[in-house]
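These notes are about the structure you will find just below.
The values are calculated or read from the model by the stated rules, or taken from the named source; none is laboratory data. Note that the structure is a prediction, hence the values are computed from the model and not measured. Cβ: placed from backbone, ideal geometry, glycine included. Neighbour counts: every protein chain shown.
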Amino acid sequence: MGAGDHDHPHEHSELSELELRVRALESLLTEKGYVDPAALDEIIDTYENRVGPRNGARVVARAWSNEEYKAWLLKDATAAIADLGYTGRQGEDMQVLENTPAVHNMVVCTLCSCYPWPVLGLPPVWYKSAPYRSRVVIDPRGVLADFGVTLPDDTEIRVWDSTSEMRYLVLPMRPEGTEGWNEDRLADIVTRDSMIGTGIVSVPAAAAAAE
Amino acid sequence: MNARVRSDANDPGAHLLPELPRDAEGPVFDAPWQAQVFAMAVKLHEQGHFTWAEWATHLGAEIKSAQESGDPDRGDTYYDHWLRALETLVAEKNLIGSAELTDRRDAWDRAARATPHGEPIVLGREQNP
């Protein structure tokens, strides 16, 4: 039958332009033996379900709890993070930036969206957006204000531009009121944004009230 | 203080900065095709077809070129850039020619149009009705 000749317009399927191009790539790469669809599914499953900011939160909680680990993390982040089992793509060369009352660190990738996947998963939409990528370099305090964060005037803000060779993870300051908390409890309050530098870690009101 | 806790948690500044797209810690891909194109680039890199520095350079160039063509680039078109970078790179690396890619895109389009709604779209369907 001549496709579409007598069909009503809504009876056949339609793929969007982007879907068509992705199908074209995938079917050709598969036929030529460059990729295996099962291997692609495995990668997708990893990033949708297994890798994310909870990994980074474990790293931060360990550093807050163990001075020796923290020293190692600041000296050789790749090895110290791998020690907790977080290795793999885009985590080969890591550096951890410690926030203190004197210095607040923020991370960006001005070129594209380089990001430490093993500890934070894939980047949030705003991290990939032009407004963030361009503004954080020019006006970091303004960006922080947009995220609801105000720092003392005398805190120096350092903005670090990620590359394909170096990825950064911010070690946020441990909030007051968390003395004696174990690592699980600490990890629960560490947010993704605090490890990018667009947030700070606070004790949730409910947890503080329960003390 | 409490207000800050709430805005910090899963609702980063998006509502405060209208320019920035909203992003809670939700799904990482908006559509299956985004996941597919992401995985293809990762896999080809792992197999040594290109370095990650090459990838970043191509992706960066596509982002810049899209911005110059008027894309406000708010992060929602990120995987469009990713797709274009991959198309360019597979052609440069002689994995798939660009004409071959266009022909295959057209074949998928014909196959889709020849497929009744709701049935799986299979390549070649338009030739073997």
Sort out which residues of segment B:51-71 are more than 22 Å from B:Q36 (Cβ to Cβ) and facing chain A (nearest Cβ under 7 Å), and write them in order of number.
-> B:A53, B:Q67
Please determine, by comparing only the residues of segment A:66-83 that are crowded, with 16+ Cβ neighbours inside 10 Å and among the aliphatic types (A, V, I, L, M), which one is nearest to A:A187 (Cα to Cα).
-> A:I81
Looking at segment A:12-31, which of its residues are out of contact with any Lys or Arg (no Cβ under 6 Å at 6 or more places or on another chain), at the interface with chain B (Cβ under 7 Å from one of its Cβ atoms) and of a type outside the set (G, A, S)?
-> A:E14, A:L15, A:L18, A:E19, A:V22, A:R23, A:L25, A:E26, A:L29
Of the numbered conditions (1) at pLDDT below 95; (2) closer than 15 Å to A:Q90 by Cα, B:S69 satisfies every one except a single condition; which is it?
-> (2)
Can you name the condition, by its number, that A:Q90 falls short on among (1) within 14 Å of another protein chain (Cβ to nearest Cβ); (2) within 25 Å of A:N182 (Cβ to Cβ); (3) polar (S, T, N, Q); (4) assigned to a loop (DSSP other than H, G, I, E, B)?
-> (2)
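Looking for whichever is assigned to a helix (DSSP H, G or I), within 24 Å of B:V42 (Cα to Cα), over 14 Å from the mean Cα position of the chain (by Cα) and of a type outside the set (A, V, I, L, M, F, W, C) here; the options are A:R141, A:R133. Which one fits? First the steps, then the outcome.
Numbers: A:R141 fails: within 24 Å of B:V42 (Cα to Cα).
Just one listed residue meets the conditions, A:R133.
On the given criteria, is B:A35 part of a helix (DSSP H, G or I) and either within 12 Å of the chain's Cα centre (by Cα) or within 26 Å of A:D45 (Cα to Cα) (or both)? So that I can check it myself, show each step before the final result.
Working: part of a helix (DSSP H, G or I): yes; either within 12 Å of the chain's Cα centre (by Cα) or within 26 Å of A:D45 (Cα to Cα) (or both): yes.
Spelling it out, B:A35 is indeed part of a helix (DSSP H, G or I) and either within 12 Å of the chain's Cα centre (by Cα) or within 26 Å of A:D45 (Cα to Cα) (or both).
Residue-wise test of (1) in contact with a Gly (Cβ under 9 Å, 6 or more places away or on another chain); (2) within 25 Å of A:S13 (Cα to Cα); (3) surrounded by fewer than 21 Cβ atoms within 10 Å (Cβ to Cβ).
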position	(1), (2), (3)
B:L83	no, yes, no
B:S98	no, no, yes
B:L101	no, yes, yes
B:R113	yes, yes, yes
B:G118	no, yes, yes
Only residues that are touching a residue at least 12 places away in the same chain (Cβ under 8 Å) and not in a helix (DSSP H, G or I): list them for segment B:38-88, please.
-> B:H49, B:F50, B:R74, B:G75, B:D76
B:G124 being more than 20 Å from the chain's Cα centre (by Cα) and either touching a residue at least 40 places away in the same chain (Cβ under 8 Å) or exposed (fewer than 15 other Cβ atoms within 10 Å of the Cβ) (or both) | yes
A careful count of residues in segment A:123-150 that are within 21 Å of B:Q67 (Cβ to Cβ) and of a type in the set (A, V, I, L, M, F, W, C) gives 7
Number of positions in segment A:131-164 that are more than 16 Å from A:N105 (Cβ to Cβ) and crowded, with 20+ Cβ neighbours inside 10 Å | 4
